Structure formats: C-alpha cells, structure tokens
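J.: Mind having a look at this structure? Questions to follow.
The values are calculated or read from the model by the stated rules, or taken from the named source; none is laboratory data. The structure displayed is predicted, hence computed values, not measured ones. Cβ: placed from backbone, ideal geometry, glycine included. Neighbour counts: every protein chain shown.
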Amino acid sequence: MGPVNGISVERRDRVAVVWLDRPERGNGFISDMQIELHERLAELDADNEVRAIVVTGRGRFFSTGADLEPGGANFAFDDEQLRGARDMMRDRPRPWRMRTPIIGAMNGAAVGLGLTFALQWDIRVVNESAKYGFVFTRRGLIPEQNSLWLLPKLVGLATATELLLTGRLFTGAEAKELGIAAHAVPGDEVLDTALEIARDIADNTAPAAVGLTKELLYEFLEESDREPAFHREWEIFRAIGRQPDSAEGVAAFVEKRSPAFTSGKDYEVTVHGSADWEARQ
C-alpha cells in the first residue's frame with residue numbers, strides 16, 4: 001500500500017516503521033501529513049503487539065520542515081484557518097503521553113518542523129554529517145512544537161538560547177555532542193541503528209515496565225518538588241513488582257533465557273495518595 005497523506009507504515013514483527021513519504025518535496029509537512037502522522041502514531045501506540053516505533057524519512061532528507069510555497073503566506077492564517085489549526089493542535093495525540101517508545105531515525109537533514117517534531121519523541125539517531133537546525137527566526141517565526149519548553153531541558157538554557165536565537169545549522173555529530181541525539185552514525189547506518197534499538201526494546205524489555213518508565217520520565221520533567229516524585233516512583237515500583245512480568249524477568253535472567261512477558265504496555269497501577277505517604281513517614 002502506498003503512502004496516505006505523505007505517511008506510510010510497515011510492520012517488522014513487533015516493531016513498526018513509520019515513513020515520512022513525500023521525498024519529492026523533501027518530506028516537507030502539510031497539514032494533512034501532520035494529522036496523518038499523529039493518528040498513525042496513536043493507532044500503533046494502542047496496539048499491544050507493537051513494542052516500539054521507528055520514524056524515518058524516505059529519500060535524501062528526513063524532513064525539510066513545513067512545505068513552503070512561494071509567496072510567504074504559509075503561516076498567515078485567516079480567522080477560519082486559525083480556528084481549524086487551533087482545533088487540530090488541541091486534539092492532536094501527544095507523543096510524550098504514548099506508552100510506546102518512539103525512535104527518530106533521522107536519515108538526512110531536518111530543519112524547523114522536521115526537527116521539532118522529532119524532539120518530541122524518545123530517542124533520536126541522526127546522520128553524523130547531515131545538517132539540522134531550529135531555523136524559525138531566520139524565517140521570521142518563533143520556534144514551535146513545544147521546543148521552547150523542551151530544548152532547554154535537553155541541552156541547558158545557554159545552549160538552547162544560542163541555537164534558538166541564531167537559528168543556525170549544526171551537524172548530526174554536534175547534535176550528539178549537545179545531547180539532542182542519542183547516536184550519530186553514518187547516513188547509511190541510521191535506520192539499522194534505530195531498528196537495532198527498537199528490536200532490543202521489543203525482545204528484551206517488559207512493555208508494562210517500559211510504558212510506565214516513559215510515563216514517569218515525562219511526568220517528572222514537570223515536577224518541581226523532588227519528594228512527590230520520589231513517592232510516586234516508589235509506589236509504582238512496589239505495585240509493578242506484584243505483577244507477573246516482575247517474576248518472569250528475574251526467572252529469565254537466572255535461567256539465562258529470553259523473557260516471555262505477558263502484561264501489556266497499557267498496564268495500569270494504583271498508588272497511595274501523598275497524604276497516606278506522609279502519614280507513614
């Protein structure tokens with residue numbers, strides 16, 4: 001099946017590969033493509049058979065960002081367009097709220113929207129020699145897609161300020177050094193490296209544990225008080241220790257075999273409230 005609205009999906013056992021599939025336009029995003037991408041990610045996240053998702057680009061580029069048309073009117077929405085865009089943003093599934101790990105296999109250059117979308121995912125593998133950049137100020141815009149909130153947390157305020165104010169380009173190798181990417185490899189190794197990470201997650205980790213770990217990582221990014229985070233982490237650790245995957249993980253390790261986990265990534269736990277925690281101290 002060919003791409004739908006610039007997005008195509010293939011399944012490789014328990015790993016899903018999502019392709020940005022408009023190579024003739026540098027995988028530049030239009031509105032329908034943005035909607036399609038997030039709907040496909042949400043569908044794959046809801047599927048317990050999918051343990052990891054890899055997103056990559058078809059052709060030379062990962063994504064050149066928004067698909068710019070001549071005339072410069074791409075962002076000058078009228079009132080009706082603005083209402084539609086606001087509704088789309090409000091209803092869009094949030095990648096950081098999905099339980100499935102999302103890995104960006106950024107095979108080529110990515111700028112603007114092509115980079116800030118990937119910044120919302122969990123792990124990024126970049127092409128060490130490709131160019132990347134938050135080029136918004138060079139287009140008369142401000143950075144978007146939550147990048148003003150997230151980038152300082154990834155690289156520190158000083159580095160984020162320099163990257164966002166100048167809008168300069170940087171290589172994949174520098175992206176790794178700065179902490180934007182987990183791995184920087186030659187371009188022809190990007191997808192294989194991302195798939196290797198995805199298969200490692202799919203084959204060797206418990207989906208319930210991975211899903212809860214991801215949920216807590218992003219939840220704690222917004223937690224300014226260390227004590228409630230410690231409480232919630234402790235309670236969930238004890239709760240998940242009572243489900244079968246905990247015993248299976250230990251048994252598989254002791255018996256030197258692959259684990260056979262059974263709990264889904266949508267596994268929910270119930271924890272005591274903070275008042276009960278404080279009363280027990």
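J.: Across region 45-73, which residue is surrounded by the most Cβ atoms within 10 Å (Cβ to Cβ) among those that are more than 15 Å from Pro23 (Cβ to Cβ), in contact with a helix residue (DSSP H, G or I) (Cβ under 6 Å, 6 or more places away or on another chain) and modelled with pLDDT of 95 or more?
T.: Within region 45-73, the match that is surrounded by the most Cβ atoms within 10 Å (Cβ to Cβ) is Ala52.
J.: Looking at Glu128, is it of a type in the set (Asp, Glu) and surrounded by fewer than 17 Cβ atoms within 10 Å (Cβ to Cβ)?
T.: So Glu128 does not fit the description; no.
J.: For residues that are over 18 Å from the mean Cα position of the chain (by Cα), of a type outside the set (D, E, K, R) and over 22 Å from Leu119 (Cβ atoms), scanning just region 177-204, find the one that is surrounded by the most Cβ atoms within 10 Å (Cβ to Cβ).
T.: Among those residues, the one meeting the criterion is Asn204.
J.: Which is buried (at least 23 other Cβ atoms within 10 Å of the Cβ), closer than 28 Å to Val50 by Cβ and among the hydrophobic types (A, V, I, L, M, F, W, C), of Phe134, Phe117?
T.: Step by step, each of Phe134, Phe117 is checked, and only Phe117 is buried (at least 23 other Cβ atoms within 10 Å of the Cβ), closer than 28 Å to Val50 by Cβ and among the hydrophobic types (A, V, I, L, M, F, W, C).
J.: Can I ask one more? So is Arg99 surrounded by fewer than 21 Cβ atoms within 10 Å (Cβ to Cβ) and either aliphatic (A, V, I, L, M) or in the same structural domain as Val135 (by TED's automatic domain parsing) (or both) or not?
T.: Against the criterion (surrounded by fewer than 21 Cβ atoms within 10 Å (Cβ to Cβ) and either aliphatic (A, V, I, L, M) or in the same structural domain as Val135 (by TED's automatic domain parsing) (or both)), Arg99 qualifies.
J.: Does Val271 count as more than 26 Å from the chain's Cα centre (by Cα), among the β-branched types (Val, Ile, Thr) and surrounded by 13 or more Cβ atoms within 10 Å (Cβ to Cβ)?
T.: yes
J.: For region 12-23, which residues satisfy the criterion of being farther than 23 Å from Glu144 by Cα and in contact with a strand residue (DSSP E or B) (Cβ under 6 Å, 6 or more places away or on another chain)?
T.: Scanning region 12-23 gives Val15, Ala16, Val17.
J.: Grab the helices (runs of 4 or more DSSP H) fully contained in region 153-247, keeping just those with 1 or more residues being in the same structural domain as Met106 (by TED's automatic domain parsing) and of a type in the set (Val, Ile, Thr).
T.: Hits in region 153-247: 157-166, 190-204.
J.: Suppose we filter region 19-39 for residues that are more than 19 Å from Gly112 (Cβ to Cβ) and without any contact (Cβ under 8 Å) to a residue 40 or more places away in the chain; how many remain?
T.: 1
J.: If you don't mind, there's one more thing I want to ask. I need the full set of residues from region 24-67 which are part of a helix (DSSP H, G or I) and in contact with a strand residue (DSSP E or B) (Cβ under 8 Å, 6 or more places away or on another chain), in order please.
T.: Across region 24-67, the qualifying residues are Met33, Glu36, Leu37, Arg40, Leu41, Leu44, Asp45.
J.: Could you pull out the residue among Arg94, Arg11 that is loosely packed, with under 13 Cβ neighbours inside 10 Å, in contact with a His (Cβ under 9 Å, 6 or more places away or on another chain) and under 28 Å from Gly211 (Cα atoms)?
T.: Checking each option against the conditions leaves just Arg94.
J.: Consider region 205-233. How many of its residues are surrounded by fewer than 16 Cβ atoms within 10 Å (Cβ to Cβ), over 16 Å from the mean Cα position of the chain (by Cα) and touching a residue at least 24 places away in the same chain (Cβ under 8 Å)?
T.: Summing the residues that are surrounded by fewer than 16 Cβ atoms within 10 Å (Cβ to Cβ), over 16 Å from the mean Cα position of the chain (by Cα) and touching a residue at least 24 places away in the same chain (Cβ under 8 Å) in region 205-233 gives 1.
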